[in-house]
1. Starting from the amide H of Gly14, placed 1.01 Å from N in the peptide plane, find each other amide H under 5 Å away whose residue is 5 or more places distant or on another chain.
2. Projected area of the stretch 1-97, taken from the Cα convex hull and averaged over every viewing direction, in nm²?
3. Filter the cross-link list Lys20/Lys159; Lys4/Lys32; Lys4/Lys52 down to pairs whose alpha-carbon distance in this structure exceeds 31 Å.
4. Calculate what fraction, in whole %, of the accessible area of the chain sits on carbon and sulfur atoms when a 1.4 Å probe is rolled over the protein chains.
5. Pop the C-beta distance of Lys32 and Glu84 into the FRET formula with R0 = 22 Å and round what comes out to the nearest 0.05.
6. Identify, among Leu206, Tyr108, Met75, the residue whose Cα sits farthest towards the positive end of the charge dipole of the chain, taking +1 on the Cβ of Lys and Arg and -1 on the Cβ of Asp and Glu, with the dipole about the Cα centre.
7. Testing the spin-label approximation: label points 7 Å from Cα along Cα→Cβ at Glu174 and Gln190. State their distance in nm.
8. Which one, Ile97, Ile175, Ile183, has the greatest fluctuation when you compute a Gaussian network model over the chain with C-alpha springs under 10 angstrom?
Amino acid sequence: MPTKARGKFITFEGSEGSGKSTQINLLCEYLKSERHPVLFVREPGGVKISEKIRDILLDVKNQEMNQECEMLLYMAARAQLVEEVVQPALKQGKIVICDRFLDSTVVYQGYGHRMDVAFIRKVGRFVTQGCDPDLTFLFDIDASKGLARIKRAKDRIEKRAMAYHRRVRDGYLEIARREPRRIKVIPSEQSIEEIHDQVVKYVNRLLSKK
Ligand code: TMP
């Protein structure tokens with residue numbers, strides 16, 4: 001029996017308040033309307049164990065969490081998600097849409113906390129087992145404008161100083177410059193429809209590649 005072609009792995013990245021959730025929903029709806037098999041997951045989270053780790057990571061009461069613990073918890077959540085659902089779905093030929101992935105750790109813990117980015121990438125390779133995104137969207141927004149868009153109570157990461165969030169944004173732009181084929185930068189100051197059209201264009205280009 002012929003083996004099924006590997007699916008496609010698409011990740012969404014961006015600073016706080018960049019509008020990526022809206023675009024993820026629109027893309028998932030679009031792909032389903034085109035009858036593509038789609039799996040949507042978020043990070044940290046997506047499966048039971050990783051959602052529990054998410055609660056620990058985002059809890060504002062956990063102020064004493066150190067940077068090493070934080071980085072490793074994001075990686076632990078990822079290890080579980082990749083093996084439990086991402087890899088199997090890709091093997092079944094599905095399009096996996098993930099809200100954040102390893103780039104978030106490189107940027108939030110690496111650039112944001114000034115941790116060793118090369119080491120983070122090494123741990124990343126260990127937990128993702130070669131499961132790399134085929135396409136990544138980076139929703140770019142000025143740090144203060146993005147944070148001002150958040151109307152609910154802020155979580156432990158969102159509460160950080162503006163300087164931290166600026167390093168995150170700069171980090172994202174830096175990694176996008178280094179990997180322009182994979183990471184597509186989408187400026188957030190456009191209409192929802194304009195952004196959706198760009199996202200669909202890149203995704204269709206990926207799907208038409210054999
Ligand atoms: P969310 O708000 O997009 O659901 O993401 C949760 C928060 O966790 C967000 O502030 C970004 C942060 N984060 C990291 O700091 N490192 C990571 O590796 C991931 C996946 C998220």
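1. When sequence neighbours closer than 5 places are left aside, the close amide H contacts are Phe139.
2. Values: hull surface 30.4 nm².
Hull-based average projected area comes out at 7.6 nm².
3. Cα-Cα > 31 Å for Lys4/Lys52; rest within.
4. With neighbouring chains kept in place, the figure for the chain is 53 percent.
5. It comes out at approximately 0.50.
6. Leu206
7. 2.6 nm
8. Greatest mean-square fluctuation among the candidates belongs to Ile175.
The values are calculated or read from the model by the stated rules, or taken from the named source; none is laboratory data. Everything numeric here is computed off the predicted structure, so don't read it as measured data. Heads up, the Cβs are rebuilt from the backbone with ideal geometry, glycines too, and the neighbour counts pull from every protein chain shown. Protein only, heavy atoms only, side chains kept; ligands, DNA and RNA dropped before computing areas. Shrake-Rupley method; radii C 1.70, N 1.55, O 1.52, S 1.80 Å.
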